[in-house]
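Scroll down for the structure; my scribbles are underneath it.
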Amino acid sequence: MLMNQMETALINSPPRRWLQRWYEVPWLRRLGGTLPADARVLEIGCGPGYGTRLILDQFGAAHVDALDLDPAMTARARRRLTKYGDRVRLHTGDAADLYTSIGATDAAYNAVFDFAIVHHIPAWRDAVAEIARVLRPGGKFYFDEVTARALARPTYRLMFDHPTDDRFTADQFRTELERHGLYVGDRWRAPIGGDYLIGVATRREVTRQP
């Protein structure tokens with residue numbers, strides 16, 4: 001679902017950029033490392049493109065497909081990412097249906113990045129399944145997320161709009177990842193009592209549980 005005006009302003013703000021650069025990216029690099037020199041990457045929920053720039057500059061991605069549901073966000077990202085030329089392709093679409101949105105085929109990417117967007121997707125389990133589908137075996141899913149515990153707090157309920165059904169805890173999110181062959185192991189943290197979740201999962205071939 002689209003963000004409301006208040007959260008859109010927050011996503012476009014200097015504090016959000018600071019948090020991505022100096023907290024989220026160092027943790028994700030510590031947990032999952034950087035990428036191969038020829039890495040092809042997908043970012044879901046790219047927003048204004050600041051995270052995309054960090055994926056290119058800090059993780060060393062060769063090419064990024066960046067997707068957002070909001071066309072105003074992809075337009076803003078396009079302006080920010082002009083200097084990267086054809087290393088970036090921007091798309092407007094739904095992360096729960098990556099084939100329709102961007103034509104993503106099976107095992108197309110070395111990595112997928114999620115800078116706190118899956119909790120905005122009503123069909124978040126479908127999004128996880130799609131992430132697993134488009135990752136190559138051995139590919140990595142870098143994520144930071146907001147859990148049901150945080151979304152139930154009065155500040156979140158008053159300021160932001162989020163899906164109200166089927167929210168996930170940190171453990172439920174990890175369980176769903178591993179159900180689709182995305183192995184987390186000990187490469188995750190759940191700060192602030194489990195309000196948030198940050199980690200890296202690796203795609204492996206397993207038989208999915210029913």
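Could you give me the ³J(HN,Hα) list for the stretch 132-147, computed from phi with Karplus coefficients 6.51, -1.76, 1.60 and θ = phi - 60°, whole Hz, x at Gly and Pro?
My calculation for the stretch 132-147 gives 4, 4, 8, 7, 6, x, x, x, 10, 10, 8, 9, 10, 9, 9, 9 Hz in order.
Can you bin the chain into rounded, prolate or oblate? Criterion: square roots of the alpha carbon gyration tensor eigenvalues sorted a ≥ b ≥ c, rounded for a/c under 1.5, prolate for a/b above b/c, oblate for the rest.
Because its axes are fairly even, with a/c under 1.5, the chain counts as rounded.
Over the stretch 147-210, what is the relative contact order in whole percent, taking alpha-carbon pairs under 8 Å and six or more residues apart?
The value is 33 percent.
Please report how far the C-alpha centroid of the stretch 94-170 lies from that of the stretch 27-52, rounded to the nearest whole angstrom.
14
Residue by residue through the stretch 42-52, what is 3J(HN,Hα) from phi via Karplus (6.51 cos²θ - 1.76 cosθ + 1.60, θ = phi - 60°)? Round to whole Hz and write x for glycine and proline.
With coefficients 6.51, -1.76 and 1.60, one gets 10, 10, 8, x, 6, x, x, x, 5, x, 4 Hz.
For a protection proxy built on the mean count of beta-carbon atoms within 10 angstrom, sort 183-190, 170-177 highest first, please.
Result, highest mean Cβ count within 10 Å first: 170-177, 183-190.
Rounded to the nearest 500 deg cm²/dmol, what is the calculated helix-only ellipticity per residue at 222 nm for the chain, with -39500 (n - 2.57) per DSSP H run of length n ≥ 4?
-9500 deg cm²/dmol
Over the chain, what is the mean sequence separation of C-alpha contacts under 8 Å (at least six apart), divided by residue count, expressed as relative contact order in percent?
20
Bear in mind these aren't lab numbers, they're just calculated from the coordinates by the rules spelled out. Please read all numbers here as calculations on a predicted model, not as lab measurements. Here the Cβ is made from the backbone with ideal geometry for all residues, glycine too, and neighbour counts use every protein chain on show.
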